[in-house]
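The values are calculated or read from the model by the stated rules, or taken from the named source; none is laboratory data. Given the structure is predicted, the values throughout are model-derived calculations rather than measurements. Methodologically, a virtual Cβ is constructed for each residue, glycine included, from the backbone with ideal geometry; neighbour enumeration extends over all protein chains shown. Just so you know, the surface numbers come from the protein's heavy atoms only, side chains and all, with ligands and any DNA or RNA stripped out. Shrake-Rupley method; radii C 1.70, N 1.55, O 1.52, S 1.80 Å.
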Amino acid sequence: IEEYLYSVLPSEMPSSWPAAALQAQAVAARSYTLANLGRFAARGFDLMGTVVSAAYRGMGSENATVRAAVDATRGLVLMNPESPEKPLSAFYSANCGGHTETTEYVWGFPSPFPAVADLLLSRESRPLPPAELARWLAERPVSFSAHPGYSNRSAYRWTLWVPRKEIEARLGLGDALGTVLAITAARRGASGRIPEVRVRGSAGETTIKWDAVRWKLGGLRSNLFVVEPKLGTDGLPESFVFTGAGWGHGVGMCQSGAAGMASVGFHARAILRHYYGEAELRRLY
C-alpha cells in the first residue's frame with residue numbers, strides 16, 4: 001500500500017506543494033484505500049486507477065518528495081468516528097470554494113464528515129439566504145482555498161453560460177419537458193451546495209439530484225452555484241448563467257485549502273483535524 005501511495009500522491013496533488021499538505025494527502029489517500037479494499041472484488045481487484053477510486057499514473061510519476069511525504073506518515077490512518085475500528089473513507093476534492101459540505105447534501109447518505117468554512121473566512125457554517133449567497137459567490141473572499149500559488153483562479157470562483165438548448169439536449173426529455181423555463185434549487189446544504197434541482201419546462205417538470213446536477217446542467221465545476229436566465233427577444237431563456245465556487249464534490253479535505261494552510265505553518269495533523277473533524281488519527285502498522 002505504501003508503494004502504491006508513492007504514485008497516488010503525485011497523481012492527486014502536485015509534488016511541488018508544501019510538505020504538510022502532501023503528508024495530509026498521504027494520510028487521506030491511505031485511509032480511503034484501506035476503507036475501500038475489496039470494493040471491486042467481484043471484478044477481481046480492489047480499486048480503480050482513476051478518480052473513481054484514486055488517480056494512479058504508475059511508478060514513472062514517483063519522486064523523492066512524495067516518497068518522503070508517504071514515508072513520514074507511514075501507517076497513519078484516519079479512523080471512522082462512527083465505527084472506530086474501521087478506517088475512514090477519507091474523501092477529498094480539488095477546491096471547496098471556501099466551504100466544504102456533508103455527504104448528505106452531496107450524495108444523499110449520512111456520514112461523520114463535517115461541513116466547515118475556510119479558517120480565513122468569517123462565514124458561519126449555515127445555509128445563507130439567496131441574496132447573501134449570490135453576493136458571496138460573486139466575490140473572491142481571501143481564504144486558504146484561494147491561495148494564488150495553490151489554486152486555479154477559475155477553480156475557486158467561476159461563471160459558465162450554458163445555452164438553453166444544450167441543457168434540453170443533456171436532459172433528453174424532449175416533448176415531455178418542452179422548453180426549459182426555469183432552474184431552481186430545491187434545497188441547499190450549509191455550504192450552499194445543491195443536492196436537488198428542479199427544472200421547469202413548458203410541458204412539464206423534472207428533478208435532477210446529486211452528481212448528475214453538474215453534468216446535466218452543462219458540465220459545472222461544482223454544485224455550489226446560483227443561476228439566472230438570460231432572455232431572448234421572444235421572452236424565453238436563451239441561456240442560463242451559472243455563478244459558482246469550487247471544483248469537485250467538496251466533501252472532506254480541500255486540496256487547495258490544505259496547501260494554503262500548510263504554506264503558513266499548519267502541520268498535517270492540524271489540516272486533517274480541520275477537514276475531518278473528530279476522526280482519530282491512528283498508526284495501524
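Things to note:
- Any hit, segment 78-93, residues being over 30 Å from residue 125 (Cα atoms), at pLDDT below 95 and open to solvent by 10 Å² or more (accessible area, probe 1.4 Å): no
- Filtered residues of segment 94-118 (kept if surrounded by 18 or more Cβ atoms within 10 Å (Cβ to Cβ), of a type outside the set (D, E, K, R) and touching a helix residue (DSSP H, G or I) at 6+ places or on another chain (Cβ under 7 Å)): 94, 95, 96, 97, 98, 100, 111, 113, 116
- Within segment 142-159, being farther than 19 Å from residue 276 by Cα and either of a type in the set (A, V, I, L, M, F, W, C) or surrounded by 18 or more Cβ atoms within 10 Å (Cβ to Cβ) (or both) holds for 142, 146, 147, 150, 151, 155, 156, 157, 158.
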